[in-house]
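Shown next, in structure tokens, is the structure this report addresses.
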């Protein structure tokens with residue numbers, strides 16, 4: 001057989017190597033799923049912004065944002081994750097270029113989607129002493145969607161089913177939820193029909209890297225918020 005034969009898919013020997021490599025990769029993936037520590041991979045399959053094996057490797061092996069208990073992209077930054085509470089299938093910073101600041105308290109509900117280059121700020125500098133932080137609190141309800149390039153500032157609370165349009169700067173609370181907000185500073189531009197806002201659920205949800213059932217004990221033992 002001529003292993004250098006070429007067609008539109010490239011040299012035959014390269015195609016054979018790719019197929020073997022792909023088969024080995026799938027076998028290794030299936031083997032990993034047998035270990036409880038890697039079952040999060042299956043839990044996030046098909047999800048928006050899933051925790052994948054490359055995300056895990058860069059975070060837990062290489063060390064980018066290692067102390068965060070949820071999935072974080074290596075280009076994002078999380079500070080003081082012990083002050084941050086995340087809900088089911090919510091991984092702030094899983095998209096590139098995010099900044100999640102836990103100097104104050106941050107609480108994010110279940111099934112929240114946070115797009116790339118978003119900043120969540122829970123503390124600001126004292127205007128008269130820039131070395132001193134004024135601690136605040138950010139709360140984001142469940143089933144919210146934060147668009148790309150948004151900034152959420154301290155002492156903001158967003159109710160369930162709040163959509164924050166891309167590029168918005170959120171400076172005040174929107175407690176009622178079920179709305180779309182946009183602009184700088186953000187203001188409500190549309191109400192959502194509560195009857196059409198259906199909460200998501202799944203049979204075996206995860207909080208970050210752990211089954212949701214394990215999270216209350218983890219929070220009690222490891223988190224400050």
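Structure above, values below:
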{"quantity": "Residue among 87, 71 that alone is within 28 Å of residue 107 (Cβ to Cβ), assigned to a loop (DSSP other than H, G, I, E, B), at pLDDT 90 or above and touching a strand residue (DSSP E or B) at 6+ places or on another chain (Cβ under 7 Å)", "calculated": "87"}
{"quantity": "Cross-chain or 6+ apart pairs with Cβ under 8 Å, segment 112-136 first and more than 16 Å from residue 78 (Cα to Cα) and in the same structural domain as residue 156 (by TED's automatic domain parsing), then at pLDDT below 95 and not in a strand (DSSP E or B)", "calculated": "113/48; 113/49"}
{"quantity": "One residue from 176, 195, 202 being surrounded by fewer than 19 Cβ atoms within 10 Å (Cβ to Cβ) and in contact (Cβ under 8 Å) with a residue 60 or more places away in the chain", "calculated": "202"}
{"quantity": "Selection from segment 205-221 of residues that are touching a strand residue (DSSP E or B) at 6+ places or on another chain (Cβ under 7 Å) and either without any contact (Cβ under 8 Å) to a residue 60 or more places away in the chain or over 30 Å from residue 67 (Cα atoms) (or both)", "calculated": "215"}
{"quantity": "Number of positions in segment 90-108 that are outside any strand (DSSP E or B) and either surrounded by 20 or more Cβ atoms within 10 Å (Cβ to Cβ) or touching a helix residue (DSSP H, G or I) at 6+ places or on another chain (Cβ under 9 Å) (or both)", "calculated": "10"}
{"quantity": "Verdict on residue 24 being exposed (fewer than 15 other Cβ atoms within 10 Å of the Cβ), assigned to a loop (DSSP other than H, G, I, E, B), out of contact with any helix residue (DSSP H, G or I) (no Cβ under 7 Å at 6 or more places or on another chain) and at pLDDT below 95", "calculated": "no"}
{"quantity": "Index of the failed condition, residue 63 passing every other in (1) crowded, with 19+ Cβ neighbours inside 10 Å; (2) more than 10 Å from the chain's Cα centre (by Cα)", "calculated": "(1)"}
{"quantity": "Flag for residue 149 being assigned to a loop (DSSP other than H, G, I, E, B), under 19 Å from the mean Cα position of the chain (by Cα) and crowded, with 20+ Cβ neighbours inside 10 Å", "calculated": "no"}
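The values are calculated or read from the model by the stated rules, or taken from the named source; none is laboratory data. The model shown is predicted, which means the values in this text are computed figures rather than measured ones. For neighbour counting, all protein chains shown are included, and Cβ atoms are generated from backbone atoms with ideal geometry for every residue, glycine included.
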